[in-house]
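Derivation of every value follows stated rules applied to the coordinates shown; laboratory data play no part. Keep in mind that this is a model prediction, so the values were computed, not measured. So basically every Cβ, Gly included, is an ideal-geometry build from the backbone, and we count neighbours across all protein chains shown.
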Amino acid sequence: MPTPDVATIQALRSDLALQISRFMRRRGLNQLAASKRFRVPQPTLSKIANGRVADLSLELLIRIAVRAGLPVVLQTGKVPEEAGSFVSGEPAPVRSRAASGLAYAARTSLIEATRRLTPEQRLAAFLAHTQLISELHQAGHGAEAARVRKARRPR
Amino acid sequence: MRTRRAGQSALLLLDAVAVLKARSIDYAVIGAMAASVHGELRGTADADALISVTVSTLAALRTVFKKAGFETELRRGDADDPIPAMLILSDTHGNRVDLLGGLRGLDPQAFSRTIDVPFSGDTLRIIGREDFIAMKCFAGGPQDIADAQLALRGAQEPVDLDLLRRVTRRFGRAAADVLEQVLAR
């Protein structure tokens, strides 16, 4: 069982290696091309790609990330499970805006309106909302029951 | 009980919380109620809370809630389920409260970061914004990601990014990946 500091370094190493490996895939870099670009031997990149990072130093991985132009945040925490490597500023894989500008503007204005509510007002609105939904359900069931009764009535 | 009709699960939660408080059990409101505080207002049929107890204590609590007039059901998660057990409380109107007996990966300190929100003459402890976003990243569904983004965008005070990254990473690399997506949008 490694000590917390050793476990934290291990977690950072494997997370950072994962980010480098993903970066290579995103850029379509094979190990040979990446080894030239990052100025590291190809077997080192093979280890990174396969997550075998026990004998790679954290410093080397940071060097590779810097040479790749990959901005990362290394985070340690109170326990090793909180330690990780985060890629900052990478573009999101999905579009950030709705297809319709009108729909996007409507949604944004709704969020802004909600933002002005205090937490207390939000919980009160939550209760009112759930009660209204419940009334709607009951009204729907009532209407359906009335329709069924009417359909069964002899003509 | 405060509930008078259907659609009042939030009030049933207040009754459940009174029982928890009497036994000094930490809790944090999560789910749609927490989403309503941190992000988007929306209704739901039930109310959810995390409680800081073991599965055996949760089983013992079932008897306590039964005596207090709740209808109860205890469900246990599979070995790989991040929720070890859940106590479902309900009333005669169909209102329902789900008490989650823990969540794998959750920072135990999350209970000390809850925010007190006045509600219907009482106070509820709502899960903190960073922990809420982290849990949503862990859940990882489309609605969860939307909730996490709204919680980030709707924040009136700066979000503690260091804390957010730490508590999300506790849930695993997949949750951390979702957080990266959420932060990048």
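Can you find, among A:Ser134, A:Gly101, A:Ala146, the residue farthest towards the positive end of the dipole of region A:101-152? Put +1 on the C-beta of Lys and Arg, -1 on that of Asp and Glu.
Value: A:Ala146.
Charges only on Cβ, +1 for Lys and Arg, -1 for Asp and Glu: so what's the dipole of chain A about the Cα centre, in debye to the nearest 20? Write down the numbers at each step before the final one.
Details: 25 positive and 11 negative charges, 227 e Å.
So the magnitude is around 1080 debye.
Taking the Cα-to-Cβ direction at B:Arg2 and at B:Arg104 and moving 7 Å from each Cα, how far apart do the two end points lie in nm?
Going by the 7 Å Cα→Cβ label model, 3.5 nm.
If you line up the long axis of helix A:4-27 against the longest principal axis of chain A, both from Cα atoms, how many degrees apart are they, to the nearest 10?
So the helix axis and the longest Cα principal axis differ by about 80 degrees.
What ³J(HN,Hα) values, in whole Hz, does the Karplus curve 6.51 cos²θ - 1.76 cosθ + 1.60 give for region A:43-53 when θ = phi - 60°, with x put for Gly and Pro?
For region A:43-53, the Karplus-derived couplings read x, 5, 5, 4, 4, 4, 5, 9, x, 9, 10 Hz, x marking Gly and Pro.
Which one of B:Gly69, A:Pro43, B:Gly172 is farthest out on the positive end of the charge dipole of the protein assembly as shown, using unit charges on Cβ (Lys, Arg +1; Asp, Glu -1) and the Cα centre as origin?
It is A:Pro43, whose Cα lies furthest towards the positive end.
Using +1 on the beta carbon of Lys and Arg, -1 on that of Asp and Glu, and nothing else charged, what's the dipole of region B:1-127 about the Cα centre, debye to 20?
Numbers: 15 positive and 15 negative charges, 84 e Å.
Dipole magnitude for region B:1-127 comes out near 400 debye.
Can you give me the orientation-averaged projected area of the convex hull built on the Cα atoms of chain B, in nm²? Please report the intermediate quantities before stating the final value.
Values: hull surface 40.9 nm².
Convex hull of Cα atoms, orientation-averaged projection: 10.2 nm².
What ranking do B:Thr57, A:Thr114 get, fewest neighbouring Cβ atoms within 10 angstrom at the top? Don't skip to the end; give the middle numbers.
Working: B:Thr57 14, A:Thr114 17.
Ranked by crowding around the Cβ, least crowded first: B:Thr57, A:Thr114.
Separation of region A:12-85 and region B:83-136 by C-alpha centroid, Å?
Result: 38 Å between the Cα centres.
Which whole-Hz couplings ³J(HN,Hα) result when phi for each residue of region B:138-145 is put into the Karplus expression 6.51 cos²θ - 1.76 cosθ + 1.60, θ = phi - 60°, listed in order with x for Gly and Pro?
5, 5, x, x, x, 5, 5, 5
If you rank B:Ile127, A:Ile9 by fewest surrounding Cβ atoms within 10 Å, what's the result?
Details: B:Ile127 28, A:Ile9 17.
With the fewest neighbours first, B:Ile127, A:Ile9 line up as A:Ile9, B:Ile127.
Apply the Karplus curve 6.51 cos²θ - 1.76 cosθ + 1.60, θ = phi - 60°, to the phi angles in region B:52-69 and return the couplings in whole Hz, x for Gly and Pro.
Karplus values, whole Hz, x for Gly and Pro: 9, 9, 7, 4, 5, 5, 4, 5, 5, 5, 4, 4, 4, 5, 4, 4, 7, x.
Choose one of B:Val19, B:Ala79, B:Leu50: the residue whose Cα lies farthest towards the positive end of the charge dipole of region B:1-127 (beta-carbon charges +1 Lys, Arg; -1 Asp, Glu; about the Cα centre).
Result: B:Val19.
For B:Asp48, list long-range residues whose amide hydrogen, built 1.01 Å from N in the peptide plane, is under 5 Å from its own amide hydrogen.
Distant-sequence amide H within range of B:Asp48: B:Ile30, B:Ala32, B:Met33, B:Asp98.
Which cross-chain or sequence-distant (5 or more) residues have an amide H under 5 Å from the amide H of A:Val87, H modelled 1.01 Å from N in plane?
Sorted by chain and number, the residues that satisfy this are A:Val73.
For B:Leu124, enumerate residues with amide H under 5 Å from its amide H, sequence gap 5+ or separate chain, H modeled in the peptide plane.
Hits under the 5 Å cutoff: B:Val117, B:Phe119.
State to the nearest 20 debye the size of the charge dipole of region A:101-152 about its Cα centre, where the only charges are +1 on K and R beta carbons and -1 on D and E beta carbons. Each step should come with its number before you reach the end.
Details: 8 positive and 4 negative charges, 58 e Å.
It comes to approximately 280 debye.
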